[in-house]
Amino acid sequence: MPHTVITDIKKIDATSRLQLPITENGISAGFPSPADDFIDLSIDLNKTFIQHPNATFFGRVSGDSMINAGLSDGDYLIIDRSLEPKHKQIAVCLINGDFTVKRLHILKENVYLVPENEAYQPIEVTPEDDFNIWGVVTTVIKPLQVSCLR
Amino acid sequence: MFALVDCNNFYASCERVFQPELRYQPLVILSNNDGCVIARSNEAKNLGIPMGAPAFKFKETFKRLNIAVRSSNYELYGDMSARVMNILSEFTPDVEVYSIDEAFLRFNGFEHINLQQHLEQMKLKIERCTGIPISIGVAPTKSLSKLANRIAKKFPKHTNGVYIMRSEEQRIKALKWLDIKDIWGIGKQHAKRLQQLGLHKAYEFTQLTDDWTRKHMSVVGLRLKKELEGEVTLGLDDVTHKKAIATTRSFDYEYNDFDYIKERVTSFAVSCGEKLRRQESCCELIYVFLKSNRFNTNAPQYSNGITIKTTQPTNSSISLVKYATTALRAIYKPEYKYKKAGVMVMGLSPEKSKQICLFSEEDPRHHKLMQHIDQLNSHWGKHSVKFGGQDLQKIWKMRQEHLSKAYTTKLKDVIKVS
């Protein structure tokens, strides 16, 4: 008889809070204010953009090799190291001791690091290269005014 | 089963995650004030750089052997450590953070799963998410898990960094391999003594009688022996409340100026207060010590410490500073030069269960004030708000000539990718 196998045990995360809105309008019979449903909801950017806080790091774009993908010089990148890198994703890679951000082309035989700027050539990763994918870029933060982010 | 998880060459590994050029180079990390070597990459170990090597003496050697040097970057190490510990706690609810790079884990009720597989997943996840390589040793007791970890680390090809001590044969074989001096918590004196008796391996220590051990090595030694025999005598500590918090520093030079030392001790007390409030604890004891330079054998030596009991549990920096400076006045002697001082707070209890003293209640405004100071300092940066007794001109600064950036905690310091 097959027995139950537990493969994944996780701690309960009690740090996040669920806030239930209390209506200030009191409870009245009849038609409730439609606005009550929207009381006190707020946007938490951390929660929205950072799924794995323990594996998330920030980086900053330098240069214009990814300009057509919307990554301009000085933009901030949110990098998630816990994600499995996939074909066509943008990732921060380590090649021979240098950081680079490129679009991954993972083909059957080879991996290419493809820039998004005609002025640059794709890099073919060869077995001689010391190469690994540092983390997958999930989000670009593009400050439009310098004063936004110091 | 207990597991000991240990980050491999933790400080060096942290530096290498963000400075890939260091991956090809032997690397050493220096202590506060760039005094001596406190961590080494494997390559630096193999080049024969000893632990504690004074930086100024080895300056030429580092250059000649192309060894990279970094000042200790505790902001980075602390953040990376927290990430590792958080991920560990996804794999078992019982985690005791033992030091910045080590944790004991308990795996009870895991009999029905493949523990080896579970641990391999854990190791993989930590390495992928943080870039920090770890070693895991598992055994029936804490002391044996420390030994198992040693085996995992020593024989990476065999173990892949994970070693589970399951059988009696494995336990005995391991103990016959381990030198007595390397037993976790044996102490130098006891190790020496056992060696003088002709004992060399941990196994021989476990062959002594209980009576002899208790008589000559006290109940602590006996407990250790039982642990090595596979009998649990040490449990996991309560994780949330550490037993003591300390801030101590060696000075860059030797000082005997009271005002200078008072400034330092004040800052240490303030820092202890911050740490207490962060973990929502209060303390009842405060210990202050002063030490002259024991390496300067020509100078007269003096070392003293004093413990003061607070009138009520407190985590107010104002109160802590008051106690600490009172303590300092009691032990300071103007005729000596000092190289090290420290403040330690002990007798910790959760802030919530704070006992109220009938006659000498702390000014309730302290609590509010501390909250505001902590908020300001977390918003505007450490030391934005200081106490009068602290150095206001910032003349005091740690020597950190080789400090890397705060890659994970400051936006202006994040990695650059092109």
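Residue pairs exceeding 18 angstrom between C-alpha atoms, taken from A:Lys102/B:Lys410; B:Lys382/B:Lys412; A:Lys47/B:Lys123; B:Lys188/B:Lys340: A:Lys102/B:Lys410; A:Lys47/B:Lys123; B:Lys188/B:Lys340. Each of B:Arg277, B:Arg166 was scored by other Cβ atoms within 10 Å of its Cβ. Arranged with the fewest first, they read B:Arg166, B:Arg277. The modelled label-to-label distance for the pair A:Lys86/B:Leu124, using points 7 Å beyond Cα in the direction of Cβ, is 1.8 nm.
Ordering B:Met346, B:Met80 from the fewest to the most neighbouring beta carbons within 10 Å gives B:Met346, B:Met80. Full extension of the segment from B:Asp252 to B:Gln301, taken as 0.36 nm per residue of separation minus the current Cα-Cα distance, would add 15.9 nm. Straight-line cross-link partners of B:Lys63 among the lysines, defined as a Cα under 24 Å from its Cα and at least 8 positions apart when in the same chain: B:Lys45, B:Lys405.
Peptide A:55-67 has a mean shielding of 5, counted as Cβ atoms of other protein chains within 10 Å of each residue's Cβ. The length gained on full extension between B:Leu369 and B:Lys337, counted as 0.36 nm times the residue separation minus their Cα-Cα distance, comes to 7.9 nm. The chymotrypsin sites (Phe, Trp or Tyr not before Pro) of the range B:240-349 meeting both criteria, a DSSP state outside H, G, I, E and B (loop) and at most 14 other C-beta atoms within 10 angstrom of the site's C-beta, are B:Phe295.
Take the Cβ-Cβ distance between B:Glu280 and B:Tyr24 as r, set R0 to 45 Å, and report the resulting FRET efficiency rounded to the nearest 0.05. According to the calculation, E is roughly 0.55. When each of the peptides B:57-68, B:169-180 is scored by how many other beta carbons lie within 10 Å of its residues on average, the order from highest to lowest is B:169-180, B:57-68. Rg over Rh for the range B:1-158 works out to 1.01, using Cα positions for both radii and the Kirkwood form for Rh. A Förster radius of 35 Å combined with the Cβ-Cβ distance from A:Asp98 to B:Gln195 puts the calculated FRET efficiency at roughly 0.10.
Averaged over the residues of B:401-408, the number of partner chain Cβ atoms lying within 10 Å of the residue Cβ comes to 1. By the combined test of axial Cα extent (at least 27 Å) and Kyte-Doolittle hydropathy (mean at least -1.0), the qualifying DSSP H helices of chain B come to B:258-278.
Between rounded, prolate and oblate, where does the protein assembly as shown land on the alpha carbon gyration tensor, with a ≥ b ≥ c its root eigenvalues, rounded for a/c under 1.5, else prolate if a/b exceeds b/c? It comes out rounded by the Cα gyration axes. One chain, two ends: B:Ser384 and B:Met51. Fully extended at 0.36 nm per residue, the span grows by 116.3 nm beyond their Cα-Cα distance. Selection among B:Phe104, B:Leu236, B:Gly185 by position relative to the dipole of chain B gives B:Gly185 as farthest towards the positive end (Cβ unit charges, Cα centre).
Label separation (A:Asp73 vs B:Lys176): 6.8 nm, computed from points 7 Å beyond Cα along the C-beta direction.
Computed over chain B, relative contact order equals 16 percent, with contacts defined as Cα pairs under 8 Å that lie 6+ residues apart.
Bear in mind these aren't lab numbers, they're just calculated from the coordinates by the rules spelled out. Bear in mind the structure is a predicted one, so any value in this text is a computation, not a measurement. Backbone-built Cβ (ideal geometry, glycine too); neighbour counts: all protein chains shown.
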